[in-house]
Structure formats: C-alpha cells, structure tokens
Amino acid sequence: MNLQEYYNGNEWFAYKYFGAHVENEGVRFTVYAPKAKKVTLIGEFSCWHDLEMTNTGRGGVYSILVANAKVGQMYKYRIYHHDGTRTDKADPYGFGMELRPCSASIIRDMSAYHFTDGVWMEQRDKNYNQPMHIYELHFGSWRANGDRWYRYEELAEVLIPYLKEMGYTHVEIMPLSEHPLDQSWGYQSTGFFAPTARYGDCDGLKEFINRCHMAGIGVLLDFVMVHFAVDDYGLGYFDGSPLYEIPFEDSKRSEWGSYQFGHGKPEVASFLKSCANYWLAEYHFDGLRMDAISNMIYWKGRQDYGVNNEALYFVQALNEGLHHLHPTAMLVAEDSTSFLKVTAPVAYGGLGFDYKWDLGWMHDTLQFFGYAPDVRKGHYQDILFSMHYFYSELYLLALSHDEVVHGKKTILDKMHGTYEEKFAQCRAMFLYMMTHPGKKLNFMGNEIGQFREWAEYRPQDFDVLEQFPMHTMFKRFFRDLNRVYMSHVALYNEEYNRDCFQYVIADKPQDLVYAYTRSAGGEQMLAVFNFSNEKFYNYEVRLSGNHMLKELVNSASDIYGGNASHSGTQGSGQFAGGLEIPVRNGYCQMDLEAYSGRLFQVL
C-alpha cells in the first residue's frame, strides 16, 4: 500500500496494510487512529490484557506484531482518549467478526482459499447484450435449515440447482458485511470487510461464489457506502473524533438514524474504495449493487437540500477506479432521482455506473395493476411512460425486497381483484416485465406467488407449492417465461437501441390493450396484452407485411391456471407454443383473455 495515496484518498488496497495480517513471525495488527492519545491491542492471545501498539509516526498509524497470535482468535483495539476515557473497538479492516451481540474481530487468513473459477472470470462481461435476470436473495430467510441458518457453502448445494431450474442468470445477495441488528438486513454495518458470521466465514463465502461460477451463475453483492451503524464498537467516533462520519451535527445522521460517511475525507475515500475493491478482488463477486445512491447525489436524499458535490466526486472516482481494476464487473445504482447521466461514463460527465434501477417503471407498473379496470382506463399512459425516458440511462427493471415489506403487500397481493384475478394479472404483469427492454431483477418469493410479506426471521413460503395448485402453476409459468427469455435474442440483445422497440398498439385506453415488437439479431417478437377484465374475440392487430405468428407464451393458458386451452407442445420443460396465426397484408386477429398477455415469434 502507498500510505501517501491513502492520505490523498486514492488508495485501493488499504486492507492489505491495515487490519490483522498473518506473517511468518506471527500476526501484525495495524490501525489508523490519528486523534487517539494511545492505542493498545487486546485479545485472546494476551488474555485480553493491553499490548501497547507503536505509533509509527506516519500520521496516526499504530502497529504491533504479536508472535503468539493465531488464526481464529479474537481481538479488539482499545482506544485511549485525551479526556481520560477509553473505548474498545472492532477492527475497521477486520476480515472476520463475532456474531451479535458479541463484537470482537477475528483473525482470518485471506490466502487460505484457492478459487477454481478462472474460466468464468476470463469470460464474464457486463451482459449488455446478454440475458440477465437476477434473483435477489436474503441469505438467512430463503429456506429453512432446521433451527439454524444455512452456512455459505451449504446454501450453495440447494440454491444453485434451484436457480438453474428457474432460469436465473445471477443472484444478488443483500448486504453480507457484519451487522448487529437482524432487522437492518445488513444495511447498517459494523464490519465492512467481515462477511457476517451468521452464515460462516470468509472461506465459506468464497466457496459459495466459486460454486456459483462453476455452475454458470453470476453473483452480485449489495454494497452499502452511504452510512454505518452507531454501535460504540464500530466506526463511530473511532479515535474519539468523527473520523469516518460527517463532523457536523445537523448532517452526520442519516434518515435511518445511522452515521453518514464523510465522503470528502481522503481517509474515508480510501477506506470505501478499498472495501469495494476487496469484495470484487478477494471474493470474485461479479458486481456491486450500490445502495441509496440518491443519498449521495443529494444531501440526505432530498433534492431541496442541494447536490452533495463531495459525495458525487467520490462516486465518480470510485466507479472509474473500479472499472479500471475490474473491467468486467457490474456497478449498479439504486437511485430514485431523475439526476442525469447516472450511467454515463465519467469521462463524459456521468457518474459511471453500468446500470441503474428503474424505480419509476416499478412504481408506475405496480400502481397501475393495483387499480380496478375502470380506473386503469384513466391511467392508460402510465404503462407507456417508461419508454419515454428509457433510453436516457441503462436501466434495470427491479421488483426488489423494498416492494414486499412494511405493509406494501407482496407483488401478487398488490394485484387488484379476487384470488384468481390476482394470479392472472400477476402472470400478465411478469410477461410484460420480461418483454419490456431492460435487464431484470426479482426478489425471492416473487416466482412462487408469495402472499405473505417478507420477514427476515422467516423462510419463504415454499410449502404453498405442495398445498395450493395455483402457486405450483404460477412457478411453472415463471420458469417457462425465464426460459423463453433466455432463448430468444430479440428479448435481450440491443435493448438499449431505440430502433429495436416499436409500439404496435398504444392508443386503446378503453380496451386497455397494448402491443409492441422487440427486434434484434435477425429475430422479431410481438407481445400483446389485455389488462382489462373483458375477453376480446378476434381482436385486430396490425403488423406490416405478411408473416406467421408462432405463439411462445400465453399467460392465460390452462397449464398456468388460466382459461385458455393449451394447444401447444411441451418441450424441454417449457411451453414451446405451437399455435400459429397468419398475418396477411399487415392484418391479423386473435382472442385476448381478460388480464392476459401473449408472446409471439414473428416468422
């Protein structure tokens, strides 16, 4: 590590210098605490008695080599303040931590594990012209494992076959850095370099990722760089001063009650740059989903508070550096603002993200499907609006954990109407999502028609698949839809090219019918939707030229719980279609069931 670059905010490998590192002569501990009166090390190797650390004279860096310290032992730094008080702190750069409510750091040997995913790492890319459907996962509440959590490597054994069966390309894991409160879901961290002990240790997490890669599954990590937990053993007032947080009383607290990072501080910039690089370099994560970027664009996420220029400069430097270090890793912004150029390159004045969550599409779509059909007619344009701005950024369509908690209802339960109508509309909505331009993300449980809101302390309700046929058929529909998406280039290639999308029907508010085409790679697809509660017979659809429409998916098919008879063939476990409709002189007719969507390949 270049210490001068650390002080300048440009260091990407600070974790190789600070923290606890195994050496031939023992373990070396190094910590940065410039305002401390003195710093000692306490741990199992000293029976928790003070070992005074040496002030190296390099701007507040303290260090000590402990010959009898061993991998797996616990330790803390004891910070002595000038007012005579002291605080025991976990290591900011610690690679392991105790499980809550305990808080000691744990010595880990980061060189012990050896990946075997070299081919994957060489061949991966950002998937701009490849299919990408991400399964968002909370590690501790996906499935039950008796009375305990799955360990990292254990979950790989059951999760990977499921992801492959369902047709997902990536899994995105909610924050895994150590955190004291289960209900924070990992978004208020105390150990930014430590995989949470809830599910094992760093080697177990590496094994999980390695197995995913060997199975052809990419792995993204939810990365929090806006704020941190206020627990006294964490980063807060680390050396007796606001070392990591914003120093101003009116700004240091976030809307979640946590401390906000002072992104304008060079030491903080080096800390967070090194942390982001650490997860990509040491664990082989394929990308970072960066949380709450709106709170970095604007002070506390509020536009009326003004632009946070220091944080924006940091974001640009972070993304530019990560692109250089990891050219094929994906950087994804969760941003609810209309701030311009979030996914534009830094060289062109952008923030440098590869993708941005399309939260506008999410809001408009879910609100639309919550309306009664008569009300929807007055909101016909809501479904069209997303394509007015879609090409301004590289968007990813996300139906995430945030949409299925805190009384918002699950995706299925948001749909208007009766039990059967909810399923019908949810199938149609997911067909709309999967044929709309943009990469895809769905939270766990969406694929089985979960009715109960997600809670971090309970597994998903997979037992409904054994008890209620509608959920089984819904899961089958979701799986088949994924497989059709994966196997047709027009649904994912060149989707950020406006020439590859065209509305066919966008002026039927009284009918609530929509249609559009997707074209790429010499293939053309037609999607037709009826979001009303009426069935239309021989509905007219105009498509230039003479063609044959081969049906690939009908969300109202009886094999999925709908009313339309299934006349297609079953191949490779998916509904392959079979029904063909001729287009003559730019004209064809088709039946449209209530609350349904149909997808055709144009031949």
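A short reminder: the numbers here are calculations on the coordinates, not readings from a lab. Treat the numbers as computed from the prediction; the structure is a model and nothing was measured. Neighbour counts are summed over all protein chains in view; Cβ atoms, including those assigned to glycine, are modelled from backbone coordinates with ideal geometry.
Remarks
- Relative to one another, the C-alpha centroids of the stretch 150-181 and the stretch 234-274 are positioned 30 Å apart.
- Estimated FRET transfer efficiency (residue 67, residue 325; beta-carbon r; R0 35 Å; 0.05): 0.55
- Where trypsin sites (Lys or Arg not before Pro) in DSSP loops with at most 15 other Cβ within 10 Å are excluded, longest remaining stretch of the chain: 144-301
- Residues whose amide H falls under 5 Å from that of residue 290, counting only those 5 or more places apart or on a different chain, are 223, 332, 333, 334, with hydrogens built in the peptide plane.
- Derived scalar couplings between HN and Hα for the stretch 188-205 equal 10, 9, 10, x, 5, 10, 10, x, 4, 6, 3, 10, x, 10, 4, 5, x, 5 Hz in order, rounded to whole Hz, by the Karplus curve 6.51 cos²θ - 1.76 cosθ + 1.60 (θ = phi - 60°), x for Gly and Pro.
- Using the rule -39500 (n - 2.57) for each DSSP H run of four or more residues, divided by the residues of the chain, the 222 nm mean residue ellipticity is -7500 deg cm²/dmol.
- Across the stretch 363-443, counting alpha-carbon atoms alone, Rg and Dmax equal 12.9, 38 Å.
- Each 5 Å bin from zero holds the following percent of Cα-Cα pairs in the stretch 165-307: 2, 9, 17, 22, 19, 14, 9, 5, 3, 1, 0.
- Neighbour net charge for residue 53 - beta-carbon separation under 10 angstrom, K R +1, D E -1: 0
- Hull shadow area, averaged, the stretch 102-152 [alpha-carbon convex hull, nm²]: 6.9
- Extension gain, residue 164 back to residue 381 (0.36 nm per residue minus Cα-Cα distance, nm): 74.5 nm
- Size of charge dipole - the stretch 498-602 - debye, nearest 20, with Cβ of Lys, Arg +1 and Asp, Glu -1, no other charges: 200
- Integer Hz, Karplus 6.51/-1.76/1.60 couplings in order for the stretch 6-13, x for Gly and Pro: 4, 5, 8, x, 10, 9, 10, 10
- Take every pair of alpha-carbon atoms less than 8 Å apart whose residues are at least six positions apart; their mean separation over the length of the chain yields a relative contact order of 11 percent.
- Nonlocal amide H pairs with residue 227, under 5 Å, H built at 1.01 Å: 261
- Annotation: lysines with alpha-carbon distance below 19 angstrom to residue 126 (same-chain offsets under eight excluded): 341, 356, 439, 440.
- Inter-part distance where the stretch 43-84 and the stretch 448-494 are each reduced to a Cα centre, Å: 51
- The stretch 1-97 shape via C-alpha gyration tensor axes, a/c threshold 1.5: oblate
- Charged-residue dipole, Cβ positions (Lys, Arg, Asp, Glu), the chain about Cα centre, Debye nearest 20: 300
- Judged by the ratio a/c of the largest to the smallest principal axis of the C-alpha gyration tensor, the chain counts as prolate, that ratio being 1.5 or greater while a/b is larger than b/c.
- Of the two radii for the stretch 419-513, the radius of gyration is 1.03 times the Kirkwood radius, both from the alpha carbons; that is the Rg over Rh value.
- For residue 300, the aspartates and glutamates whose Cα comes closer than 19 Å to its Cα, not counting residues fewer than 8 places off in the same chain, are 245, 249, 250, 255, 291, 310, 334, 335, 402.
- Separation of the alpha carbons by more than 28 angstrom is noted, of 37/252; 38/206; 206/414; 377/422, for 38/206; 206/414.
- Euclidean distance between Cα centres, the stretch 502-517 to the stretch 345-390, Å: 17
- With a simple spin-label model that places each label point 7 Å from the Cα along the Cα-to-Cβ direction, the separation between residue 497 and residue 88 comes to 6.2 nm.
- Near residue 564, the amide H atoms lying under 5 Å from its own belong to 557, 558; only residues 5 or more places off or on other chains count, and H is placed 1.01 Å from N.
- All lysines inside 20 Å of residue 70 as judged from Cα atoms, apart from same-chain residues fewer than 8 positions distant: 16, 89
- Distance between the pseudo-spin-label points of residue 451 and residue 129 (7 Å out from Cα toward the beta carbon): 4.6 nm.
- Of the residues 478, 45, 162, the one whose Cα sits farthest toward the positive end of the charge dipole of the chain, with +1 on the Cβ of Lys and Arg and -1 on the Cβ of Asp and Glu, is 478.
- Where a label projected 7 Å from the Cα of residue 255 along Cα→Cβ would reach, residues of the stretch 346-364 with amide N under 16 Å: 359-360, 363
- Cα gyration tensor, the stretch 59-107 - rounded (a/c under 1.5), prolate or oblate: oblate
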